[in-house]
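The values are calculated or read from the model by the stated rules, or taken from the named source; none is laboratory data. Note that the structure is predicted; figures quoted are calculated from it, not measured. When we count neighbours, we look across all protein chains shown, and the Cβ atoms used for this are built from the backbone with ideal geometry, even at glycine. When the accessible area is computed, the model is the full protein with side chains, heavy atoms only, and any ligands, DNA or RNA have been set aside. Shrake-Rupley method; radii C 1.70, N 1.55, O 1.52, S 1.80 Å.
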Amino acid sequence: MSGNQAVEWICRGRTLRIGTGPLVMGVLNVTPDSFSDGGSYAGPEDAVRRGMQMVEEGADILDIGGESTRPGAAAVDAKEELRRVLPVIQALRKETDVCLSVDTSKAAVAREALDAGVEIVNDVTALGGDVDMCETVRRSGAGAVLMHMQGTPRTMQANPCYNDVVAEVGAFLASRADALVEKGLERERLAIDPGIGFGKTLDHNLKLLAQLQSLGICGLPVVVGLSRKSFLGKLTGRETEDRLAGSLAALAYCVMHGAHVMRVHDVKESVDVIRTITSLMAAGNGESAGVE
Ligand code: HH2
């Protein structure tokens, strides 16, 4: 068992150095229908307040999304997505220096979010859903999260099918990164994500998490989003709002098995788990936790 390998992730002018423990990416969904926090923020002010609370709780990155990707979610157009996310991004950019990410697969949304100051484009289609996305990201210098998904949010849970889920997801992410590098995106700007819950059964999700370290061999930061997801409901029998313990247990496993960025709803609790696990791992390696 070992932790992650230190990596750097270049996101516009910033270098995110990921060493002993993963960075925490706080989820901020400005949507009426996200599976967990949908409808939580009635207006941009509420969303900005929650964003700032996550910063205080220790988030390294805020991931702002305006379209739900839960199974069967209704699609929204770029205008509506921008109406939801842009005021929040603009206000957060004024209030905090924390790294901002936009969770979108539309180039038009990414472009305006980048103009407003985000440093990362988190795209569940691995920059492959919109023909203009790759060039939009390339020109901006932003970091990008390339996520694996089988199918589309509308259909992905109908009948997910793989011969070897770990090998296939790994191969897809490695080849997608290579293709983007060929199109002019520097490799240092890319991170990869197995896409827990995106066209995967319980068994597929568990296998991907259990073999997380195999994704790290391509040398790119590994992002994992498992917070409150339905596979935890299947394991524990709990509803979405009652999946904190399962989320933290799976997060702890990921910390010990090579995750570089954890995308979470519960920032405060996740930061505590990461600090505790990384201190224990350091002590196990004969190092000090660095805290008196
Ligand atoms: N999961 C969700 C959305 N975006 N991005 C990455 N990179 N990885 C993920 O696992 C991931 C993601 C789904 O979670 P959430 O945003 O909470 O829900 P919804 O899509 O319903 O808004």
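Residues are listed down the side, and each one gets a yes or a no for (1) within 20 Å of residue 252 (Cα to Cα); (2) modelled with pLDDT under 95:
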position: 3; (1), (2): yes, yes
position: 10; (1), (2): no, no
position: 41; (1), (2): no, yes
position: 48; (1), (2): no, no
position: 53; (1), (2): no, no
position: 57; (1), (2): yes, no
position: 60; (1), (2): yes, no
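Looking only at segment 88-115, how many residues end up being open to solvent by less than 50 Å² (accessible area, probe 1.4 Å), away from the ligand (no atom under 16 Å from the Cβ) and within 18 Å of residue 50 (Cβ to Cβ)?
Total meeting the criteria: 4.
One residue stands out in segment 48-73 among those that are within 13 Å of the ligand (Cβ to nearest atom) and over 18 Å from the mean Cα position of the chain (by Cα): the one that is least open to solvent (accessible area, probe 1.4 Å), namely 73.
For segment 173-183, does any single residue satisfy the condition of being open to solvent by less than 50 Å² (accessible area, probe 1.4 Å), of a type outside the set (Asp, Glu) and touching a Pro at 6+ places or on another chain (Cβ under 8 Å)? Yes.
Apart from one condition, residue 130 fits all of (1) closer than 23 Å to residue 11 by Cβ; (2) assigned to a loop (DSSP other than H, G, I, E, B); (3) under 17 Å from the mean Cα position of the chain (by Cα); the exception is (3). Of all residues in segment 128-154, those that are at positive phi and touching a residue at least 12 places away in the same chain (Cβ under 8 Å) have Cβ atoms under 9 Å from Cβ atoms of residues that are small (Gly, Ala, Ser) and open to solvent by less than 70 Å² (accessible area, probe 1.4 Å), 6 or more apart or on another chain, in 151/199. Out of 208, 220, 235, one residue alone is within 16 Å of the ligand (Cβ to nearest atom) and not in a loop (DSSP other than H, G, I, E, B). It is 208.
Checked against (1) in contact with a Lys or Arg (Cβ under 9 Å, 6 or more places away or on another chain); (2) assigned to a helix (DSSP H, G or I); (3) free of Cβ contacts under 8 Å to residues at least 60 places away in the same chain, residue 276 passes all but condition (1).
Scanning segment 244-261 for residues that are open to solvent by 20 Å² or more (accessible area, probe 1.4 Å) and either aromatic (Phe, Trp, Tyr) or within 15 Å of residue 215 (Cβ to Cβ) (or both) turns up 253, 256, 257. Residue 162 satisfies every condition listed in (1) among the hydroxyl-bearing types (Ser, Thr, Tyr); (2) within 15 Å of the ligand (Cβ to nearest atom); (3) touching a residue at least 12 places away in the same chain (Cβ under 8 Å); (4) surrounded by fewer than 18 Cβ atoms within 10 Å (Cβ to Cβ) except (2).
Being more than 24 Å from residue 280 (Cβ to Cβ), open to solvent by 30 Å² or more (accessible area, probe 1.4 Å) and over 18 Å from the mean Cα position of the chain (by Cα), is that true of even one residue in segment 219-233? No, because not a single residue in segment 219-233 is more than 24 Å from residue 280 (Cβ to Cβ), open to solvent by 30 Å² or more (accessible area, probe 1.4 Å) and over 18 Å from the mean Cα position of the chain (by Cα). For residue 198, the requirement of being assigned to a loop (DSSP other than H, G, I, E, B), among the hydrophobic types (A, V, I, L, M, F, W, C) and open to solvent by less than 50 Å² (accessible area, probe 1.4 Å) is met.
Of all residues in segment 17-40, how many are within 15 Å of the ligand (Cβ to nearest atom), touching a residue at least 12 places away in the same chain (Cβ under 8 Å) and either more than 18 Å from the chain's Cα centre (by Cα) or closer than 25 Å to residue 280 by Cβ (or both)?
Going through segment 17-40 one residue at a time, the tally reaches 6.
Of all residues assigned to segment 234-243, none qualifies as being among the aliphatic types (A, V, I, L, M) and either open to solvent by less than 30 Å² (accessible area, probe 1.4 Å) or farther than 24 Å from residue 151 by Cβ (or both).
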